1. Considering the dipole of the stretch 89-144 built from charges on the beta carbon (Lys and Arg +1, Asp and Glu -1) around the Cα centre, which of PHE92, LEU106, LEU138 is farthest to its positive end?
2. For the pair VAL37/TRP103, report the inter-label distance in nm, with labels modelled 7 Å from Cα in the Cβ direction.
3. Would you work out which of PRO43, SER15, ALA81 lies farthest towards the positive end of the dipole of the chain? Charges go on Cβ: Lys and Arg +1, Asp and Glu -1.
4. Using the scaling law 2.2 N^0.38 Å as the reference, what is the normalised Cα Rg of the stretch 6-124?
5. Whole angstrom only: what separates the Cα centroid of the stretch 60-80 from the Cα centroid of the stretch 83-144?
6. Let me have the 222 nm mean residue ellipticity of the chain computed from DSSP H runs of 4+ only, each contributing -39500 (n - 2.57), with the sum over all residues rounded to the nearest 500.
7. Quick one: order THR14, THR45 by neighbouring beta-carbon count within 10 Å, fewest to most.
8. Test of understanding: what is the full-extension gain from VAL71 to LEU138, defined as 0.36 nm times their sequence separation minus their Cα-Cα distance?
Amino acid sequence: MSQPVETTTAVSPTSTREFLVRAQPWTLLAFRCAVAVLFVLHPLTALGLLGGESWGGFMVAVSVVEIVLIVLVAVGFHARAAAFLLSGMMAFAFFFIHLPNGWNWLDNGGEPPALYSWVFLLLFVIGPGPISLDRRRLDRGDVI
């Protein structure tokens with residue numbers, strides 16, 4: 001007599017763990033790029049593009065800096081420094097521009113800056129990951 005064949009479709013914990021480990025670098029790359037695409041719309045509209053109205057003056061300079069920094073985060077070039085600066089800029093926007101208009105961030109428009117501040121702080125702490133220009137420079141022996 002033959003032995004019964006097990007027909008379970010469950011994935012073993014080992015293969016699930018292996019999948020998650022293999023997926024981490026690609027997921028982090030996708031996360032950086034998705035954040036960049038979503039974030040870059042804000043400074044572009046502040047420059048008067050994409051149907052926005054230009055805020056002029058100092059905000060033009062701030063918007064250009066935000067665009068440069070988010071591109072650095074997306075490609076992973078000096079990503080930690082760029083993420084740190086963006087986190088600080090978004091925290092500043094929340095505390096000094098939105099919060100004076102009331103404590104409810106849904107009413108004062110402060111939800112996006114608060115969320116982006118934490119997202120960029122997370123990217124600063126964990127770094128850009130292995131699929132980045134920073135990692136390529138590190139592998140070449142350059143000083144980061």
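1. So the residue we want is LEU138.
2. 3.8
3. SER15
4. Relative to the rule-of-thumb radius for its length, the stretch 6-124 sits at 1.37.
5. What the calculation gives is 11 Å, centre to centre.
6. My calculation for the chain gives -21500 deg cm²/dmol from helical runs alone.
7. In increasing order of surrounding Cβ atoms, one gets THR14, THR45.
8. Details: separation 67, 0.36 × 67 = 24.12 nm, distance 1.93 nm.
Taking VAL71 through LEU138 to full extension adds about 22.2 nm, to one decimal.
All of the numbers you see were taken from the coordinates with simple rules; none came from a lab. All of these numbers come straight from a predicted model, not from anything done at the bench. Neighbour counts are summed over all protein chains in view; Cβ atoms, including those assigned to glycine, are modelled from backbone coordinates with ideal geometry.
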